[in-house]
1. Would you pick out the residues in the range C:17-41 that are within 7 Å of another protein chain (Cβ to nearest Cβ) and more than 22 Å from A:N32 (Cβ to Cβ)?
2. Would you mind finding the one in B:E146, B:E106, B:E74 that is at pLDDT below 95 and either within 19 Å of A:I91 (Cβ to Cβ) or among the charged types (D, E, K, R) (or both)?
3. Here are the criteria: (1) within 30 Å of C:A42 (Cβ to Cβ); (2) more than 8 Å from every other protein chain (Cβ to nearest Cβ). Tell me which single one A:F82 does not satisfy.
4. If the requirement is being touching a Phe, Trp or Tyr at 6+ places or on another chain (Cβ under 6 Å) and farther than 20 Å from E:K22 by Cα, which of these qualifies: F:A55, F:A42, F:A75, F:A6?
5. Kindly evaluate A:E84 against the criterion of being out of contact with any strand residue (DSSP E or B) (no Cβ under 7 Å at 6 or more places or on another chain), at pLDDT 80 or above and among the acidic types (D, E).
6. Considering the range A:52-79 alone, what residues qualify as being without any contact (Cβ under 8 Å) to a residue 24 or more places away in the chain and away from chain E (no Cβ under 14 Å)?
7. Yes or no: D:R112 assigned to a helix (DSSP H, G or I) and either closer than 20 Å to F:S45 by Cα or without any contact (Cβ under 8 Å) to a residue 40 or more places away in the chain (or both)?
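The values are calculated or read from the model by the stated rules, or taken from the named source; none is laboratory data. Not measured: the values here are computed from a predicted model. Here the Cβ positions follow ideal geometry from the backbone for every residue, glycine too, while neighbour counts run over all protein chains shown.
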6 protein chains.
Amino acid sequence: MAGKLAAFHAFRSTMNEKLLRKGNLQLKRFFNLDSQVYSDGALSSRTKELLGLVASAVLRCDDCITYHLIRCAEAGVTDEEFFETFNVILIVGGSITIPHLRRAVETLEEIRTQEEHTSNQNQRSGEKTGKQGKKAGRKARVQAWEKRRKEK
Amino acid sequence: MAGKLAAFHAFRSTMNEKLLRKGNLQLKRFFNLDSQVYSDGALSSRTKELLGLVASAVLRCDDCITYHLIRCAEAGVTDEEFFETFNVILIVGGSITIPHLRRAVETLEEIRTQEEHTSNQNQRSGEKTGKQGKKAGRKARVQAWEKRRKEK
Amino acid sequence: MAGKLAAFHAFRSTMNEKLLRKGNLQLKRFFNLDSQVYSDGALSSRTKELLGLVASAVLRCDDCITYHLIRCAEAGVTDEEFFETFNVILIVGGSITIPHLRRAVETLEEIRTQEEHTSNQNQRSGEKTGKQGKKAGRKARVQAWEKRRKEK
Amino acid sequence: MAGKLAAFHAFRSTMNEKLLRKGNLQLKRFFNLDSQVYSDGALSSRTKELLGLVASAVLRCDDCITYHLIRCAEAGVTDEEFFETFNVILIVGGSITIPHLRRAVETLEEIRTQEEHTSNQNQRSGEKTGKQGKKAGRKARVQAWEKRRKEK
Amino acid sequence: MAGKLAAFHAFRSTMNEKLLRKGNLQLKRFFNLDSQVYSDGALSSRTKELLGLVASAVLRCDDCITYHLIRCAEAGVTDEEFFETFNVILIVGGSITIPHLRRAVETLEEIRTQEEHTSNQNQRSGEKTGKQGKKAGRKARVQAWEKRRKEK
Amino acid sequence: MAGKLAAFHAFRSTMNEKLLRKGNLQLKRFFNLDSQVYSDGALSSRTKELLGLVASAVLRCDDCITYHLIRCAEAGVTDEEFFETFNVILIVGGSITIPHLRRAVETLEEIRTQEEHTSNQNQRSGEKTGKQGKKAGRKARVQAWEKRRKEK
């Protein structure tokens with residue numbers, strides 16, 4: 001996994017673990033609730049992750065943006081959809097969000113590189129190539145995501 | 001139209017008109033851009049209005065919330081979908097958003113009453129009744145919304 | 001109860017009820033959690049209400065400020081303590097909090113008037129007077145608060 | 001003085017007085033400091049009031065906006081200058097500031113009506129008319145402002 | 001002193017010094033006021049530091065959080081008290097505060113390690129051990145704090 | 001160019017380029033508008049950059065502060081003027097802005113060092129010295145700025 005993303009994941013999981021180990025019952029409940037609200041319901045989990053991304057961006061929290069970018073990408077959000085989401089962020093939140101969008105674009109690049117990498121690894125064991133392979137990679141990712149959601 | 005909604009629309013359109021009449025070119029451009037970003041694209045206008053609602057709520061602006069509630073309802077967002085959106089708002093934005101959600105629920109009630117009223121008026125000239133009529137009312141509303149978007 | 005406080009309580013309880021009746025499980029859980037975090041623990045409920053007041057004020061939410069002012073007063077917070085809390089709010093949050101503090105002072109006056117009124121009613125059925133009666137009123141209020149907390 | 005402005009001034013001065021009477025030394029010092037920072041220095045008081053207006057608007061505090069609109073108008077800020085300031089507010093703070101700008105335009109109208117009124121009263125005792133009188137009114141206002149600043 | 005804490009102190013004191021050396025009278029007065037509001041009064045300095053911590057966290061300023069964590073720890077705030085404070089922060093401010101709480105837990109660890117280190121050094125010159133020594137370390141720290149406050 | 005400033009410029013221009021290359025029409029329009037609102041009009045570009053600085057600082061965005069500090073310095077804003085602007089930021093935005101002001105002072109130092117460096121280079125090819133040279137440097141910078149604005 002690319003550098004910044006890996007560092008983000010490592011710090012996040014280490015510290016969340018510490019927070020939850022030392023934290024009281026209320027803190028655990030908040031964390032549980034935090035993951036529940038993004039699961040499928042009347043609105044799809046995919047749409048809710050986009051809502052989470054917008055909330056994170058207008059409140060200008062880089063780590064929260066990174067988290068929801070990853071989750072959205074796993075749910076198959078395309079670059080075109082991301083940039084239309086950035087438009088809403090920019091118009092509602094103003095130019096003060098621009099530095100966060102610059103960093104979001106950088107993070108998104110890392111995410112795509114990572115996806116490519118995983119997709120290529122899968123291809124080596126199979127035989128799809130080029131654009132078709134890319135599409136297959138996305139499809140596989142979305143299927144994995146659907147599966148994880150159903151298992152919860 | 002119910003009292004608060006009518007007052008909201010009246011003040012909003014009067015003052016927007018004044019803002020734009022007295023405002024310079026840059027202000028006009030911002031207003032144009034503000035309506036462009038919510039139109040259909042890779043993401044549907046409906047999803048973008050939900051994004052706008054979440055952004056408005058976590059930044060805690062009652063007038064913006066009212067505006068996007070109206071737009072979302074016009075796009076056929078259901079109560080169940082609204083309440084799942086409120087969950088995301090609440091978890092990301094915290095209890096500080098609760099007073100805004102209380103007012104949002106009140107506004108939503110007015111919107112639904114208004115919809116009922118319009119739907120009943122349409123029924124008097126036709127003959128559909130009960131739940132079927134309600135559904136027809138929503139369908140008509142969504143069609144009107146689709147039509148308006150295409151005409152833009 | 002004085003006008004604004006009564007109106008606050010009425011709207012708050014009506015709309016909270018609606019929110020919870022229409023709301024989903026996650027919303028109910030958030031509301032439960034919201035009341036749990038202010039109960040006695042390593043820190044007293046009184047201190048936590050002061051923390052809630054400061055959080056509400058620097059995030060500039062009048063309804064939240066009103067709520068925590070009421071709760072703090074029930075827990076026996078004195079005017080002197082309130083004004084030292086206002087100092088922290090003012091220095092951390094800046095002059096942008098001043099209009100909220102003006103309204104907080106107005107709310108606090110209503111709360112004290114209401115306390116006086118209740119205290120006077122109690123005196124009529126007993127025989128304490130003057131400053132002694134006031135003190136007895138506060139003592140009774142704090143005892144009622146302690147009792148409520150233990151019953152939870 | 002027009003309705004809303006008069007109500008603003010009345011509530012503001014009543015409550016500030018209460019805040020300062022009941023408040024401790026630190027609160028008084030903050031209020032003193034709050035008026036000192038807008039006085040003439042390397043930057044003119046006029047520029048500083050514009051800075052205060054922008055800060056108030058992007059932090060979205062209506063009362064603070066009203067206060068700085070009044071002060072700016074007293075310092076002779078023109079409508080054209082106000083609208084260019086609104087542009088900066090809008091671009092940095094985003095569409096979330098629009099409801100505040102709508103109310104700002106309404107307040108500005110009241111301020112101008114009030115200025116007109118004062119100017120007309122002055123004309124009745126003198127003999128200037130029309131555009132010339134208007135200009136004289138502004139000039140007088142700016143002179144009064146300069147005088148007040150020097151007397152501090 | 002541990003790495004991040006030391007770096008925080010170094011940058012903070014160097015830049016505060018520059019700010020004050022180059023700054024004007026108003027800036028100096030603000031800084032004075034900023035330290036005055038946390039001193040003992042009707043509320044203890046300890047409680048006020050907790051108020052400062054909550055304000056810093058819901059406004060999401062890492063450096064301010066670090067500063068108040070240090071001050072609270074010096075005033076003898078326990079981990080259990082810190083985590084109940086984190087609950088209030090989390091519920092009022094929402095999940096957007098989580099990345100700040102992760103960093104706060106990391107900072108708190110450094111603070112505790114540093115305390116342990118100091119406590120061990122003191123023990124070497126005396127003869128207390130184990131849990132008793134820890135308690136003595138805390139007691140000494142709180143006494144030092146009380147002393148500093150009285151000398152002001 | 002000094003380290004941090006150079007890094008800021010490099011990242012900013014690389015990512016802005018990517019944002020605009022991948023971004024849609026609305027994003028481009030927002031960026032265009034963002035540069036238009038700071039150009040000369042009824043208010044000078046210099047004053048508008050100060051407005052942008054204050055907006056950035058009370059909304060607490062370090063990158064935005066850095067950007068406007070650079071622009072203000074190019075427009076000839078003096079240290080005395082900067083520190084009076086910091087006063088307004090501090091009083092309106094509160095102590096929560098202090099860490100940003102510490103970083104702003106550090107950035108300002110880098111900017112001045114860079115200016116000195118450029119000024120010295122110019123002197124070597126000419127013959128002005130000492131304070132006179134400094135003034136000439138500033139004058140040249142302001143003239144360059146005026147020229148760029150007119151060419152737009």
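1. Matches in the range C:17-41: C:K18, C:K22.
2. After ruling out the rest, the residue left standing is B:E146.
3. (1)
4. Exactly one residue qualifies, and that residue is F:A75.
5. yes
6. A:T78 - this is the single residue of the range A:52-79 that is without any contact (Cβ under 8 Å) to a residue 24 or more places away in the chain and away from chain E (no Cβ under 14 Å).
7. yes
Residues checked against (1) within 20 Å of C:E81 (Cα to Cα); (2) among the small types (G, A, S):
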{"residue": "C:F11", "(1), (2)": "no, no"}
{"residue": "C:E17", "(1), (2)": "no, no"}
{"residue": "C:N24", "(1), (2)": "no, no"}
{"residue": "C:A42", "(1), (2)": "no, yes"}
{"residue": "C:G52", "(1), (2)": "yes, yes"}
{"residue": "C:A55", "(1), (2)": "yes, yes"}
{"residue": "C:R60", "(1), (2)": "yes, no"}
{"residue": "C:D63", "(1), (2)": "no, no"}
